[in-house]
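The values are calculated or read from the model by the stated rules, or taken from the named source; none is laboratory data. Just so we're clear, the structure is a prediction, and the values are computed from it rather than from any experiment. Heavy atoms of the whole protein, side chains included, go into the accessibility calculation; ligands, DNA and RNA do not. Shrake-Rupley method; radii C 1.70, N 1.55, O 1.52, S 1.80 Å.
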Amino acid sequence: MIFSEEILKWYRENKRQLPWRDTRDPYKVWISEIILQQTRVAQGMPYYQRFVAQYPTVSDMARAREEEVLKLWQGLGYYSRARNMHATAKTVVSKLNGKFPETYEGLLKLKGIGDYTASAIASFCFDELQPVVDGNVYRLLSRYFGIDLAINSTAGIKQFKELAKKVMSTTNIRDYNQGIMEFGAIQCAPRKPYCLHCPLNKSCVALATNRIAELPVKLKKSKVKLKHFNYLVVVDANGQTILEQRKGKGIWQNLYQFPLLETKEEMAAISLGQLKDLGLGDHPSILLYNERPMVHKLSHQHLYTKFWILRTDKVVAKAIPWEKLPDFPVPVLIADFIKRFKF
DNA sequence: AAGCCGGGGTA
DNA sequence: TACCCAGGCTT
(Lines give C-alpha, C1' and ligand atoms only; values in the text may rest on other atoms or scores of the structure.)
Protein backbone atom coordinates (compact mmCIF):
# COMPACT_ATOMS: atom_id res chain seq x y z
CA MET A 1 0.00 0.00 0.00
CA ILE A 2 1.03 3.60 -0.51
CA PHE A 3 2.78 5.29 2.43
CA SER A 4 0.23 8.05 2.86
CA GLU A 5 -2.64 5.54 2.69
CA GLU A 6 -1.07 3.53 5.51
CA ILE A 7 -0.75 6.67 7.60
CA LEU A 8 -4.38 7.64 6.97
CA LYS A 9 -5.61 4.15 7.76
CA TRP A 10 -3.59 3.94 10.97
CA TYR A 11 -4.81 7.39 11.97
CA ARG A 12 -8.47 6.49 11.50
CA GLU A 13 -7.99 3.54 13.84
CA ASN A 14 -5.72 5.09 16.43
CA LYS A 15 -6.36 8.84 16.65
CA ARG A 16 -6.76 10.49 20.00
CA GLN A 17 -9.72 12.74 20.58
CA LEU A 18 -8.19 16.20 21.01
CA PRO A 19 -10.22 19.41 21.31
CA TRP A 20 -8.35 21.29 18.57
CA ARG A 21 -9.15 18.48 16.14
CA ASP A 22 -12.86 19.24 16.30
CA THR A 23 -12.51 22.64 14.69
CA ARG A 24 -11.25 24.44 11.63
CA ASP A 25 -11.24 27.77 13.45
CA PRO A 26 -7.73 29.09 12.72
CA TYR A 27 -7.73 31.00 16.00
CA LYS A 28 -8.13 27.87 18.08
CA VAL A 29 -5.81 25.81 15.90
CA TRP A 30 -3.24 28.58 16.16
CA ILE A 31 -3.43 28.62 19.97
CA SER A 32 -3.00 24.86 20.09
CA GLU A 33 -0.02 24.93 17.74
CA ILE A 34 1.82 27.65 19.63
CA ILE A 35 1.26 25.84 22.92
CA LEU A 36 2.39 22.51 21.48
CA GLN A 37 5.71 23.82 20.13
CA GLN A 38 8.34 21.71 21.92
CA THR A 39 5.61 20.66 24.34
CA ARG A 40 3.84 17.36 24.86
CA VAL A 41 0.10 17.13 24.33
CA ALA A 42 -0.49 16.10 27.94
CA GLN A 43 1.40 19.12 29.26
CA GLY A 44 -0.21 21.61 26.88
CA MET A 45 -3.80 20.41 27.17
CA PRO A 46 -4.82 22.26 30.37
CA TYR A 47 -3.23 25.44 29.06
CA TYR A 48 -5.19 25.17 25.81
CA GLN A 49 -8.43 24.81 27.76
CA ARG A 50 -7.62 27.84 29.89
CA PHE A 51 -6.63 30.07 26.96
CA VAL A 52 -9.73 29.24 24.95
CA ALA A 53 -11.92 29.83 27.99
CA GLN A 54 -10.23 33.09 28.92
CA TYR A 55 -10.00 34.41 25.35
CA PRO A 56 -12.83 32.99 23.22
CA THR A 57 -11.85 35.16 20.24
CA VAL A 58 -8.69 36.74 18.93
CA SER A 59 -10.10 40.15 19.87
CA ASP A 60 -10.34 39.05 23.49
CA MET A 61 -6.68 38.05 23.47
CA ALA A 62 -5.67 41.27 21.71
CA ARG A 63 -7.36 43.34 24.41
CA ALA A 64 -5.56 41.57 27.26
CA ARG A 65 -2.44 42.93 28.96
CA GLU A 66 0.76 41.04 28.20
CA GLU A 67 1.22 40.33 31.91
CA GLU A 68 -2.12 38.58 32.01
CA VAL A 69 -1.19 36.41 29.03
CA LEU A 70 2.16 35.58 30.64
CA LYS A 71 0.40 34.67 33.88
CA LEU A 72 -1.85 32.25 32.03
CA TRP A 73 1.26 30.85 30.31
CA GLN A 74 3.18 30.46 33.57
CA GLY A 75 4.80 27.03 33.86
CA LEU A 76 4.84 26.22 30.13
CA GLY A 77 8.30 27.66 29.44
CA TYR A 78 9.68 29.27 26.28
CA TYR A 79 7.87 32.46 27.21
CA SER A 80 8.65 34.17 23.92
CA ARG A 81 5.83 32.00 22.57
CA ALA A 82 3.38 33.80 24.83
CA ARG A 83 4.75 37.25 24.01
CA ASN A 84 4.72 36.54 20.28
CA MET A 85 1.26 35.01 20.45
CA HIS A 86 -0.10 38.09 22.15
CA ALA A 87 1.65 40.39 19.63
CA THR A 88 0.18 38.38 16.76
CA ALA A 89 -3.31 38.60 18.25
CA LYS A 90 -2.93 42.37 18.24
CA THR A 91 -1.63 42.33 14.66
CA VAL A 92 -4.52 40.18 13.43
CA VAL A 93 -7.05 42.50 15.02
CA SER A 94 -5.46 45.83 14.09
CA LYS A 95 -4.04 45.07 10.65
CA LEU A 96 -5.95 42.05 9.32
CA ASN A 97 -9.48 42.97 10.33
CA GLY A 98 -9.55 40.22 12.93
CA LYS A 99 -9.08 37.45 10.35
CA PHE A 100 -6.12 35.08 10.20
CA PRO A 101 -4.35 34.74 6.83
CA GLU A 102 -5.63 31.67 4.95
CA THR A 103 -2.36 30.73 3.26
CA TYR A 104 1.01 29.32 4.33
CA GLU A 105 2.78 32.43 3.00
CA GLY A 106 0.49 34.81 4.84
CA LEU A 107 0.66 32.91 8.11
CA LEU A 108 4.46 32.73 7.93
CA LYS A 109 4.69 36.50 8.24
CA LEU A 110 3.20 36.50 11.74
CA LYS A 111 5.34 36.52 14.88
CA GLY A 112 5.90 33.11 16.40
CA ILE A 113 4.71 31.27 13.29
CA GLY A 114 7.50 29.46 11.48
CA ASP A 115 7.54 26.83 8.77
CA TYR A 116 5.95 24.07 10.84
CA THR A 117 3.16 26.16 12.37
CA ALA A 118 2.27 27.88 9.09
CA SER A 119 2.02 24.48 7.40
CA ALA A 120 -0.07 23.09 10.23
CA ILE A 121 -2.63 25.91 10.26
CA ALA A 122 -2.80 26.15 6.46
CA SER A 123 -3.40 22.41 6.06
CA PHE A 124 -5.67 21.84 9.07
CA CYS A 125 -7.91 24.84 8.47
CA PHE A 126 -7.67 25.54 4.74
CA ASP A 127 -6.59 22.21 3.19
CA GLU A 128 -3.47 23.77 1.68
CA LEU A 129 -1.05 21.12 0.45
CA GLN A 130 1.82 21.79 2.86
CA PRO A 131 3.55 18.96 4.70
CA VAL A 132 4.19 19.35 8.41
CA VAL A 133 7.65 18.36 9.60
CA ASP A 134 7.82 18.31 13.37
CA GLY A 135 9.99 16.16 15.65
CA ASN A 136 7.69 13.17 15.19
CA VAL A 137 7.82 13.39 11.40
CA TYR A 138 11.61 13.71 11.36
CA ARG A 139 11.88 10.54 13.40
CA LEU A 140 9.40 8.55 11.32
CA LEU A 141 10.84 9.58 7.95
CA SER A 142 14.47 9.11 8.98
CA ARG A 143 13.73 5.59 10.21
CA TYR A 144 11.34 4.45 7.51
CA PHE A 145 13.57 5.69 4.69
CA GLY A 146 16.83 5.02 6.53
CA ILE A 147 18.18 8.57 6.27
CA ASP A 148 21.10 9.40 8.56
CA LEU A 149 21.44 13.04 7.54
CA ALA A 150 21.20 15.14 10.71
CA ILE A 151 17.64 16.37 11.08
CA ASN A 152 18.76 19.70 12.55
CA SER A 153 21.35 20.51 9.91
CA THR A 154 20.54 22.97 7.16
CA ALA A 155 20.76 20.25 4.51
CA GLY A 156 18.70 17.89 6.66
CA ILE A 157 15.90 20.36 7.22
CA LYS A 158 15.70 20.96 3.47
CA GLN A 159 15.85 17.30 2.48
CA PHE A 160 13.28 16.09 5.01
CA LYS A 161 10.88 18.83 3.98
CA GLU A 162 11.22 17.76 0.33
CA LEU A 163 10.75 14.12 1.21
CA ALA A 164 7.73 14.93 3.36
CA LYS A 165 6.21 16.81 0.44
CA LYS A 166 6.89 13.93 -1.91
CA VAL A 167 5.13 11.30 0.21
CA MET A 168 2.23 13.37 1.57
CA SER A 169 -1.40 12.73 0.72
CA THR A 170 -2.84 15.12 -1.83
CA THR A 171 -6.43 14.09 -1.20
CA ASN A 172 -6.74 14.54 2.58
CA ILE A 173 -3.89 16.72 3.79
CA ARG A 174 -5.70 17.63 6.99
CA ASP A 175 -5.99 14.10 8.35
CA TYR A 176 -2.72 13.01 6.80
CA ASN A 177 -0.69 15.73 8.53
CA GLN A 178 -2.36 15.07 11.87
CA GLY A 179 -1.90 11.37 11.21
CA ILE A 180 1.79 11.33 10.44
CA MET A 181 2.55 13.32 13.60
CA GLU A 182 0.33 11.06 15.67
CA PHE A 183 1.97 8.01 14.12
CA GLY A 184 5.42 9.35 15.01
CA ALA A 185 4.35 10.24 18.53
CA ILE A 186 2.61 6.99 19.41
CA GLN A 187 3.65 4.20 17.03
CA CYS A 188 7.18 5.27 16.06
CA ALA A 189 8.07 6.47 19.56
CA PRO A 190 11.56 7.83 20.33
CA ARG A 191 12.57 4.85 22.44
CA LYS A 192 11.22 1.33 22.19
CA PRO A 193 8.87 1.91 19.25
CA TYR A 194 6.27 -0.80 18.60
CA CYS A 195 7.87 -2.23 15.50
CA LEU A 196 6.42 -5.69 16.08
CA HIS A 197 2.91 -4.65 15.14
CA CYS A 198 3.75 -1.56 13.08
CA PRO A 199 1.83 -1.39 9.79
CA LEU A 200 5.00 -0.11 8.10
CA ASN A 201 7.36 -2.77 9.47
CA LYS A 202 7.57 -4.67 6.16
CA SER A 203 9.16 -1.74 4.38
CA CYS A 204 10.94 0.19 7.16
CA VAL A 205 14.63 0.55 6.27
CA ALA A 206 15.81 1.22 9.81
CA LEU A 207 14.04 -1.89 11.09
CA ALA A 208 15.45 -4.04 8.29
CA THR A 209 18.99 -2.81 8.94
CA ASN A 210 18.72 -2.79 12.74
CA ARG A 211 19.19 0.98 12.98
CA ILE A 212 16.03 1.96 14.84
CA ALA A 213 17.98 3.06 17.91
CA GLU A 214 20.44 5.12 15.86
CA LEU A 215 17.88 7.16 13.94
CA PRO A 216 17.19 9.97 13.69
CA VAL A 217 20.65 11.54 13.79
CA LYS A 218 20.85 14.89 15.54
CA LEU A 219 23.70 17.39 15.78
CA LYS A 220 24.97 17.72 19.32
CA LYS A 221 23.58 20.55 21.35
CA SER A 222 25.60 23.16 23.19
CA LYS A 223 26.79 22.65 26.73
CA VAL A 224 24.76 23.47 29.79
CA LYS A 225 25.92 26.60 31.58
CA LEU A 226 26.08 26.92 35.35
CA LYS A 227 24.83 30.09 37.01
CA HIS A 228 24.58 31.26 40.60
CA PHE A 229 21.41 33.12 41.53
CA ASN A 230 20.84 34.85 44.85
CA TYR A 231 17.31 36.08 45.37
CA LEU A 232 16.70 38.80 47.92
CA VAL A 233 13.36 38.14 49.58
CA VAL A 234 12.41 41.30 51.40
CA VAL A 235 9.97 41.24 54.29
CA ASP A 236 9.29 44.79 55.41
CA ALA A 237 7.51 46.20 58.45
CA ASN A 238 4.13 45.59 56.82
CA GLY A 239 5.05 42.05 55.76
CA GLN A 240 5.36 43.19 52.17
CA THR A 241 8.02 42.21 49.63
CA ILE A 242 9.65 43.42 46.42
CA LEU A 243 9.24 42.02 42.93
CA GLU A 244 11.07 43.20 39.83
CA GLN A 245 10.31 42.55 36.18
CA ARG A 246 13.07 40.87 34.17
CA LYS A 247 14.12 42.96 31.21
CA GLY A 248 16.73 42.48 28.51
CA LYS A 249 17.59 39.43 26.49
CA GLY A 250 17.94 36.29 28.56
CA ILE A 251 15.58 33.82 30.13
CA TRP A 252 12.17 34.69 31.55
CA GLN A 253 11.88 38.00 29.73
CA ASN A 254 9.10 40.17 31.22
CA LEU A 255 8.43 37.75 34.05
CA TYR A 256 8.73 38.86 37.68
CA GLN A 257 11.15 37.76 40.37
CA PHE A 258 12.63 38.87 43.67
CA PRO A 259 15.59 41.25 43.34
CA LEU A 260 18.46 39.15 42.00
CA LEU A 261 22.19 39.08 42.65
CA GLU A 262 23.88 36.89 40.06
CA THR A 263 27.43 35.88 40.99
CA LYS A 264 30.28 33.93 39.41
CA GLU A 265 30.65 31.62 42.39
CA GLU A 266 28.37 30.40 45.13
CA MET A 267 27.86 33.19 47.63
CA ALA A 268 28.54 32.43 51.32
CA ALA A 269 27.26 35.67 52.83
CA ILE A 270 25.66 38.93 51.81
CA SER A 271 26.96 42.29 52.97
CA LEU A 272 24.82 45.37 53.42
CA GLY A 273 26.57 46.99 50.49
CA GLN A 274 25.15 44.38 48.13
CA LEU A 275 21.54 45.08 48.92
CA LYS A 276 21.00 47.12 45.79
CA ASP A 277 19.55 50.18 47.49
CA LEU A 278 16.43 48.29 48.41
CA GLY A 279 15.68 50.81 51.12
CA LEU A 280 15.91 48.40 54.02
CA GLY A 281 17.64 50.81 56.40
CA ASP A 282 20.95 50.13 58.13
CA HIS A 283 19.99 47.07 60.18
CA PRO A 284 18.01 44.50 58.25
CA SER A 285 18.31 40.92 59.44
CA ILE A 286 19.76 38.56 56.87
CA LEU A 287 18.80 34.89 56.93
CA LEU A 288 19.82 32.31 54.38
CA TYR A 289 16.69 30.29 53.56
CA ASN A 290 18.49 27.31 52.00
CA GLU A 291 22.05 26.44 52.98
CA ARG A 292 22.39 24.11 49.99
CA PRO A 293 21.64 25.86 46.72
CA MET A 294 18.51 24.63 44.97
CA VAL A 295 19.36 23.49 41.47
CA HIS A 296 16.80 24.58 38.90
CA LYS A 297 17.51 22.78 35.65
CA LEU A 298 16.64 24.28 32.30
CA SER A 299 17.59 22.63 29.06
CA HIS A 300 20.54 24.98 28.59
CA GLN A 301 21.29 26.33 32.07
CA HIS A 302 21.58 24.96 35.59
CA LEU A 303 20.67 27.62 38.11
CA TYR A 304 22.21 27.20 41.57
CA THR A 305 19.90 29.30 43.64
CA LYS A 306 19.88 30.66 47.17
CA PHE A 307 17.07 32.63 48.74
CA TRP A 308 18.09 35.25 51.27
CA ILE A 309 15.39 36.49 53.65
CA LEU A 310 15.86 40.16 54.47
CA ARG A 311 13.67 41.47 57.26
CA THR A 312 13.47 45.14 58.12
CA ASP A 313 11.34 47.26 60.42
CA LYS A 314 11.24 49.96 57.77
CA VAL A 315 8.33 50.37 55.41
CA VAL A 316 9.69 49.74 51.92
CA ALA A 317 8.40 51.90 49.09
CA LYS A 318 6.67 50.08 46.23
CA ALA A 319 6.57 46.85 48.22
CA ILE A 320 3.86 44.33 47.42
CA PRO A 321 1.59 42.49 49.88
CA TRP A 322 2.34 38.77 49.95
CA GLU A 323 -1.25 38.00 48.95
CA LYS A 324 -0.75 39.87 45.67
CA LEU A 325 2.11 37.65 44.49
CA PRO A 326 -0.19 35.18 42.69
CA ASP A 327 -1.19 37.98 40.31
CA PHE A 328 2.30 38.21 38.85
CA PRO A 329 3.72 35.92 36.17
CA VAL A 330 6.81 34.30 37.68
CA PRO A 331 9.19 31.51 36.70
CA VAL A 332 8.46 28.08 38.18
CA LEU A 333 11.54 28.47 40.38
CA ILE A 334 9.98 31.52 42.04
CA ALA A 335 6.49 30.05 42.17
CA ASP A 336 7.83 26.99 43.99
CA PHE A 337 9.59 29.15 46.56
CA ILE A 338 6.49 31.28 47.17
CA LYS A 339 4.47 28.13 47.68
CA ARG A 340 6.85 26.77 50.32
CA PHE A 341 7.92 29.91 52.15
CA LYS A 342 5.92 30.84 55.21
CA PHE A 343 7.00 33.85 57.20
C1' DA B 1 25.53 27.70 11.11
C1' DA B 2 25.14 27.90 15.81
C1' DG B 3 23.19 29.54 20.01
C1' DC B 4 19.35 30.71 22.85
C1' DC B 5 14.93 29.99 24.94
C1' DG B 6 11.59 26.14 29.93
C1' DG B 7 9.67 22.76 32.02
C1' DG B 8 8.27 18.15 32.47
C1' DG B 9 7.87 13.13 31.06
C1' DT B 10 10.23 8.77 30.23
C1' DA B 11 13.32 4.75 30.09
C1' DT C 1 21.16 10.65 33.86
C1' DA C 2 20.12 11.68 28.90
C1' DC C 3 16.91 12.43 25.61
C1' DC C 4 12.82 14.34 23.81
C1' DC C 5 8.68 17.12 23.14
C1' DA C 6 2.91 19.19 17.27
C1' DG C 7 9.84 24.99 16.99
C1' DG C 8 11.08 29.82 16.27
C1' DC C 9 14.06 33.70 16.69
C1' DT C 10 18.55 35.96 17.03
C1' DT C 11 23.30 36.46 16.20
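Data for the structure
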read-out: Chain A: most fluctuating residue of A:V224, A:V167, A:V234 per GNM, C-alpha cutoff 10 Å; value: A:V224
read-out: Of every Cα-Cα pair in segment A:1-150, the percent that sits beyond 20 Å; value: 52 percent
read-out: Per-residue ³J(HN,Hα) for segment A:168-178, Karplus 6.51 cos²θ - 1.76 cosθ + 1.60, θ = phi - 60°, Hz, x for Gly and Pro; value: 6, 6, 10, 10, 8, 5, 4, 6, 4, 4, 4
read-out: Rel. contact order, % - alpha carbon contacts under 8 angstrom, at least six apart, segment A:1-124; value: 24 percent
read-out: Most mobile of A:L76, A:L260, A:L272 in a GNM of chain A (Cα contacts under 10 Å); value: A:L272
read-out: Under the Karplus curve 6.51 cos²θ - 1.76 cosθ + 1.60, θ = phi - 60°, whole-Hz ³J(HN,Hα) for segment A:150-155, x wherever Gly or Pro sits; value: 4, 6, 10, 8, 4, 5
read-out: Per residue accessible area of segment A:225-340, 1.4 Å probe, in Å²; value: 54 Å²
read-out: Volume per residue that the Cα convex hull of segment A:225-340 spans, once the total is divided by residue count, Å³; value: 109 Å³
read-out: Under the Karplus curve 6.51 cos²θ - 1.76 cosθ + 1.60, θ = phi - 60°, whole-Hz ³J(HN,Hα) for segment A:25-33, x wherever Gly or Pro sits; value: 5, x, 4, 6, 4, 4, 4, 4, 5
read-out: Highest-fluctuation residue, A:R292, A:R174, A:R21 considered, GNM on chain A with Cα pairs under 10 Å; value: A:R292
read-out: Cα pair distances in chain A, grouped into 10 Å bins until the bin that holds the longest one, percent each; value: 5, 21, 25, 21, 16, 9, 3, 0
read-out: Amide proton proximity set for A:V235, modelled H, under 5 Å, gap of 5+; value: A:L310, A:R311, A:T312
read-out: Principal axis dimensions, segment A:156-270 - Cα atoms, whole angstrom, descending; value: 72, 33, 29
read-out: Per-selection Rg to Rh, segment A:1-67 - Cα, Kirkwood hydrodynamic radius; value: 1.10
read-out: Share of alpha-carbon pairs per 10 Å distance bin for segment A:297-343, given as whole %; value: 17, 48, 28, 6, 0
read-out: Share of carbon and sulfur in the accessible heavy-atom surface of segment A:177-334 [1.4 Å probe, %]; value: 54 percent
read-out: Gap separating the Cα centres of segment A:79-145 and segment A:194-214, nearest whole Å; value: 31 Å
read-out: For segment A:181-229: rounded, prolate or oblate by the Cα gyration tensor [a/c cutoff 1.5]; value: prolate
read-out: Potential extension, A:Q49-A:S222 segment - 0.36 nm per residue separation minus Cα distance; value: 58.8 nm
read-out: Global form of segment A:134-215, assessed from the alpha-carbon gyration tensor, a/c cut-off 1.5; value: oblate
read-out: Average accessible area per residue (Å²) across segment A:3-214 - probe 1.4 Å, nucleic acids and ligands excluded; value: 48 Å²
